[in-house]
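Read through the structure below, which is laid out as structure tokens, and then see the notes.
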Amino acid sequence: MADNLIPEIHDILKLCMSYSFAGGRAQSPHANPYRVELEADTLGFDFAGNDTWQGILRHHHATSFKIAPNTPDLFLLDMADSLAAAISRGNNRLRLGYRRPFIKYGYDDRVFKLWKHAPSNRQRSRQVRPLDLQKVFEFLRQNPTVDKFYNLENQAIFERAEDATIGANLTSLGVHSQLTGQLYRILKSALYGVHPTDLGSRKKLTTLYRNKLEEWSLTISKIKVHFPQKPVRTRDMHVFDKLLETRENIEAAFPDYVLFNTSDEIIMLRPPNIDINVLRSQISNGFWLEYVEKTHNLKDLQPDPETSSGPVIEGVVVARPPLQINTPICDICQQAGGTKEWVKDYILTMNLCPSCRQVITQSAWPPDSSQICPKDLTGLEQWFEETIHEDLCEACFSLRTWGDRPKLTKLARWSEEKETTQEGKAGIISGSDKNPEVVWVKVSLNYSLLVQSLSILYKRYLSDIGVPDPAKAVEIRFSVIGEFYKDYNTFLNIFQKRLRERFLENMEVAILEDFFVIKLDRLGDIIDILERYSIVFRDSFPQFMHLDESPVRIVLSSADARFPFFEHWEIVQKSKSDIHIFLIGRGEAKMPIRALEEVIEKARVGGKRMYSRALHKLASIAGISHKLADIMLKDKQDKDYRKYREILPMSMDFQSLLTLAKIMEERNEI
Amino acid sequence: MKFSAYEVVSDALCMGERVKGGRYKPCSETFRYSQLTGMLKRAFGISEVHAAGFLKSFRIEYLSHTITDRSRDISKVPLRVEFLTDVIGVVYISEGAVPKDHENKFTLRMGAMISKGFGICRLKKIGGIDVEKETTQIGFLNTRLPVRAVEEGELDDLMKDGRPTRFLLDIFGVRRILQPHFGYLADPGPDYGANYILALFEKSKVEAPAFLIR
């Protein structure tokens, strides 16, 4: 076993079934660490001088545990463990209304996921305790790593609730352990510590603990990664590889500070003495970080800097920009001088013979091909057709030439091909001048709304189990959010898989884990995307369907394949509803997630066709006049009036309804 | 600084940005300081003017436009141009800059494709403001303003503490820059060797008079 303390392993005894110490009645090993220590001695296990073993036994200062932290590191572990718990420890347990709430409410070892489980269907008394004490001792003797610990008994640690008390069983032991490890190292890097002589009597320890909660502080930051590039063509889409790399660089440089992230947002917790500008060394190519942060003492630590009380600090982390740029300016980012000429400077990076190099350097692009030697001409001919001149800065030039080959080959192909249309009943295939239609799909997570949503759902849960004052007891802590992010990532993977199964070759490789592009055979394919989203969403976050707003959102932006990519990117950033569909130049539709199933039902093949007919009629009239369609919608004499009244309560406005009608029209439902 | 407020109405406006990828010309969705002051200087032959403005409503449309390279007698790759129609906006022009005989109402041409009939803007005076008397609020900038960091350390102060440059404070009453979103505005010199100068773009979070806040 390693000599250094591995904080993640501190709660291993929670995976242990009850044990009859010295032949007495079966008791929880985790609640009786002093008995565990004796038992190890009795069974001949020698863990003397082992820090992790001490961490397992001594990470609580409550009197019921009999033994307590007796070194500065164990004091920090106790603190980290508390901060990473699902609900506040110590006297705060009274918030569930009772000093010993597990007696009042019972226990359940399985995690109650606020976004997934309905309080009315909650279960109790299930156990996830796959180890016995002997196995724990054997395991600890093998010098385990953190990964080995997580993989114990088929990762049972991610099934077992950190706190099995009903009402507190909100997060898994796995997520709690990861977070405890991070918090322990954050506290250490903040140089927070106590003197060994301060760790005397239990009373002294409790007072010290309480004082340090008030005295020590941490800074919580919400950081969004931005880039200045405005890519139009697929060859500039490496900006997303760079986005990913930037995020990974930050994670690699500060693995403990980064608590959660999505594709372009990072939630970071760090010591207040570490300035946010320390991140500047991790960004390049004109990328910049926008942040909102707040410093709290540990007692009042809140997960969302924007909604907790007190002043927030806002700012950006950006390289110092030049005051002036001499012409030309970079065409892609407009943040630096365009010192590189595309395509000429790119060609000059290739291995050319001296004579050809000189010809290309000295002439305007394209050079006279008769002056290029046959050997070099073979590789250059395709480039001579490139007549678009672009001025690029060093950063955008390096992004464009990053990697060996274009990443989005399908998208590049779609933007060059012309649409094939099927006309008439005879099925005559003919070409058209239009490029095929594509839809960009972006799933996003609103962090502040997530914290609010979890609070609402937690209040419902507490109310259902009979907590006297649920509003007062509600608090959403990092561990619950961590548990959610785990499920959110699984949700993204499954959604992507479902889309790939449906669209096969019509789906490009994922640009980010939450950002995809799909070629549409018809606009109505958007309904298929929504249908898959709806199913996966219901499986993953059914409780969000009962909220006014969902923190998980989807935006779809559709246009022909040549439509500039960065305009889609701007659009998908503007999500204003649970589901937001943009048909560029043709309208937009917004709807709440709770209405989605009904919308799909009304649009489904073989479904209630009367609705699609009514919508089609409305769309046709709106094609002549929006006003006229609006009047028709309110005209009680219209024979479809009743159908409109049934469609409208789906929480959609008139504009959304018309956009939906356009989508359905191309689905050949009418 | 005192400004006169004008309502701007235009049927079609193309305040073009740099062409992207050789095939797309996006359109700015707000007025730019450089564009407004350049237009006013040309129209009225004045040398000293400050202006800011924003769009209240518009529709986005697109057209394909093929530019001919006359020197080589070839047509270039078609360019997709973004433009705005049914535009209504508000522009603030430093008091005294517009000649008296045009003070209440005038027409100007602004932006790209003027020869194709775009850019006719009708301006009608609707009031005025005194920046020094305006109350400030925190929000996102609705226009693009040059930073004009002239004095030593002004840019560093802006980046470190959010302190505005003298230009931003004195002319537009910007008190604090919480989250700058930097960009560059063309700054045509007398010899037309246009340089670009550092500016705050419309996503910047600032504390400023309400007329500058989205």
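The values are calculated or read from the model by the stated rules, or taken from the named source; none is laboratory data. Fair warning: this is a prediction, and the values are worked out from it, not measured in the lab. Heads up, the Cβs are rebuilt from the backbone with ideal geometry, glycines too, and the neighbour counts pull from every protein chain shown.
Among the candidates B:168, B:178, B:123, which residue alone is of a type in the set (A, V, I, L, M, F, W, C) and farther than 30 Å from residue B:19 by Cα? Step through it out loud before you land on a result.
On the way: B:168 fails: farther than 30 Å from residue B:19 by Cα; B:123 fails: farther than 30 Å from residue B:19 by Cα.
Being of a type in the set (A, V, I, L, M, F, W, C) and farther than 30 Å from residue B:19 by Cα holds for just one of B:168, B:178, B:123, which is B:178.
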Exercise. Within region B:108-214, which strands (runs of 3 or more DSSP E) (wholly inside it) include 3 or more residues that are away from chain A (no Cβ under 14 Å)?
Worked result: B:120-130
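Just for region A:500-518: of the residues that are in contact with a strand residue (DSSP E or B) (Cβ under 6 Å, 6 or more places away or on another chain), assigned to a helix (DSSP H, G or I) and not charged (D, E, K, R), which one is surrounded by the fewest Cβ atoms within 10 Å (Cβ to Cβ)? Quick ask: steps written out before the conclusion?
Of all residues in region A:500-518, those in contact with a strand residue (DSSP E or B) (Cβ under 6 Å, 6 or more places away or on another chain) come to A:500, A:503, A:506-508, A:510, A:514-518.
If we keep only those that are assigned to a helix (DSSP H, G or I) too, we end up with A:500, A:503, A:506.
The next check asks that each one be not charged (D, E, K, R); those that pass are A:503, A:506.
Numbers: A:503: 20, A:506: 18.
Within region A:500-518, the match that is surrounded by the fewest Cβ atoms within 10 Å (Cβ to Cβ) is A:506.
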Exercise. When region A:10-28 is examined, which residues are found to be surrounded by fewer than 16 Cβ atoms within 10 Å (Cβ to Cβ) and within 18 Å of residue A:179 (Cβ to Cβ)?
Worked result: none
For this session: Kindly provide the set of residues from region A:266-291 that are more than 26 Å from residue A:181 (Cα to Cα) and among the charged types (D, E, K, R), ordered by number.
Result: A:290
For this session: State whether the residues of region A:294-308 include one that is within 21 Å of residue B:176 (Cα to Cα), without any contact (Cβ under 8 Å) to a residue 60 or more places away in the chain and assigned to a loop (DSSP other than H, G, I, E, B).
Result: no
Exercise. Are there any strands (runs of 3 or more DSSP E) wholly within region A:316-422 with 1 or more residues that are within 14 Å of chain B (Cβ to nearest Cβ) and within 30 Å of residue A:279 (Cβ to Cβ), and if so which?
Worked result: A:324-326, A:390-392
Problem set entry | Residues that are under 13 Å from residue A:443 (Cβ atoms), surrounded by 21 or more Cβ atoms within 10 Å (Cβ to Cβ) and touching a Ser or Thr at 6+ places or on another chain (Cβ under 9 Å), drawn from region A:545-566 | A:550, A:551, A:552, A:554, A:555
For this session: Tell me, yes or no, whether region A:262-280 has at least one residue that is surrounded by fewer than 18 Cβ atoms within 10 Å (Cβ to Cβ), more than 14 Å from chain B (Cβ to nearest Cβ) and assigned to a helix (DSSP H, G or I).
Result: yes
Exercise. If a residue has to be modelled with pLDDT under 95 and surrounded by fewer than 16 Cβ atoms within 10 Å (Cβ to Cβ) to count, how many in region B:135-156 make the cut?
Worked result: 6
Problem set entry | Hits in region A:281-293 - residues which are away from chain B (no Cβ under 11 Å) and in contact (Cβ under 8 Å) with a residue 60 or more places away in the chain | A:284, A:285, A:287, A:293
For this session: Considering only residues that are more than 12 Å from chain B (Cβ to nearest Cβ) and modelled with pLDDT under 90, look in region A:575-587 and name the one that is surrounded by the fewest Cβ atoms within 10 Å (Cβ to Cβ).
Result: A:576
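What residue, of A:489, A:446, A:493, is under 18 Å from the mean Cα position of the chain (by Cα) and in contact (Cβ under 8 Å) with a residue 60 or more places away in the chain? Before the answer, list the steps.
On the way: A:489 fails: in contact (Cβ under 8 Å) with a residue 60 or more places away in the chain; A:493 fails: in contact (Cβ under 8 Å) with a residue 60 or more places away in the chain.
The match here is A:446.
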Exercise. Of all residues in region B:20-48 being surrounded by 18 or more Cβ atoms within 10 Å (Cβ to Cβ), among the aliphatic types (A, V, I, L, M) and over 20 Å from residue B:214 (Cα atoms), which is farthest from the other protein chains (Cβ to nearest Cβ)?
Worked result: B:40
Problem set entry | Residues satisfying the stated conditions in region A:353-370, i.e. surrounded by 13 or more Cβ atoms within 10 Å (Cβ to Cβ) and modelled with pLDDT under 90 | A:365, A:366, A:367
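One line per residue, one yes/no per condition, for (1) of a type in the set (S, T, N, Q); (2) assigned to a loop (DSSP other than H, G, I, E, B):
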{"residue": "A:29", "(1), (2)": "no, yes"}
{"residue": "A:40", "(1), (2)": "no, no"}
{"residue": "A:77", "(1), (2)": "no, no"}
{"residue": "A:82", "(1), (2)": "yes, no"}
{"residue": "A:114", "(1), (2)": "no, yes"}
{"residue": "A:123", "(1), (2)": "yes, yes"}
{"residue": "A:128", "(1), (2)": "no, yes"}
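Applying the selection to region A:46-72, what residues are touching a residue at least 40 places away in the same chain (Cβ under 8 Å) and surrounded by fewer than 17 Cβ atoms within 10 Å (Cβ to Cβ)? Explain how you work it out, then say what you get.
Narrowing region A:46-72 to residues touching a residue at least 40 places away in the same chain (Cβ under 8 Å): A:47, A:49-56, A:59, A:61, A:63, A:68-72.
If the condition is that a residue be touching a residue at least 40 places away in the same chain (Cβ under 8 Å) and surrounded by fewer than 17 Cβ atoms within 10 Å (Cβ to Cβ), then A:49, A:63, A:70, A:71, A:72 are the ones that fit.
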Exercise. On the given criteria, is residue B:160 surrounded by fewer than 16 Cβ atoms within 10 Å (Cβ to Cβ), closer than 22 Å to residue A:330 by Cα and outside the structural domain of residue B:50 (by TED's automatic domain parsing)?
Worked result: no
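Do you know which residues across region A:206-261 are among the basic types (Lys, Arg) and within 13 Å of chain B (Cβ to nearest Cβ)? Break it down stepwise before answering.
Kept after step one, since they are among the basic types (Lys, Arg), are these residues of region A:206-261: A:210, A:212, A:222, A:224, A:230, A:233, A:235, A:242, A:247.
Correct list: A:222, A:224, A:230, A:233, A:235.
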Exercise. When residue A:533 is evaluated against the numbered criteria (1) in a helix (DSSP H, G or I); (2) surrounded by fewer than 22 Cβ atoms within 10 Å (Cβ to Cβ), which criterion, by number, is the only one it fails?
Worked result: (2)
Exercise. Given the structure, is residue A:511 more than 22 Å from residue A:302 (Cα to Cα), more than 14 Å from every other protein chain (Cβ to nearest Cβ) and modelled with pLDDT under 95?
Worked result: yes
Exercise. Out of all the residues in region A:18-61, which are among the β-branched types (Val, Ile, Thr) and out of contact with any Pro (no Cβ under 8 Å at 6 or more places or on another chain)?
Worked result: A:42, A:52
Exercise. Are any of the residues in region B:112-121 buried (at least 20 other Cβ atoms within 10 Å of the Cβ) and among the aliphatic types (A, V, I, L, M)?
Worked result: no
Exercise. Taking region A:144-172 as the region of interest, how many residues are assigned to a loop (DSSP other than H, G, I, E, B), in contact with a Lys or Arg (Cβ under 7 Å, 6 or more places away or on another chain) and within 15 Å of residue A:16 (Cβ to Cβ)?
Worked result: 1
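Kindly indicate whether residue B:165 is hydroxyl-bearing (Ser, Thr, Tyr), surrounded by 16 or more Cβ atoms within 10 Å (Cβ to Cβ), under 29 Å from residue A:320 (Cβ atoms) and free of Cβ contacts under 8 Å to residues at least 40 places away in the same chain. Let's see the steps before the verdict.
Values: hydroxyl-bearing (Ser, Thr, Tyr): yes; surrounded by 16 or more Cβ atoms within 10 Å (Cβ to Cβ): yes; under 29 Å from residue A:320 (Cβ atoms): yes; free of Cβ contacts under 8 Å to residues at least 40 places away in the same chain: yes.
Criteria met by residue B:165.
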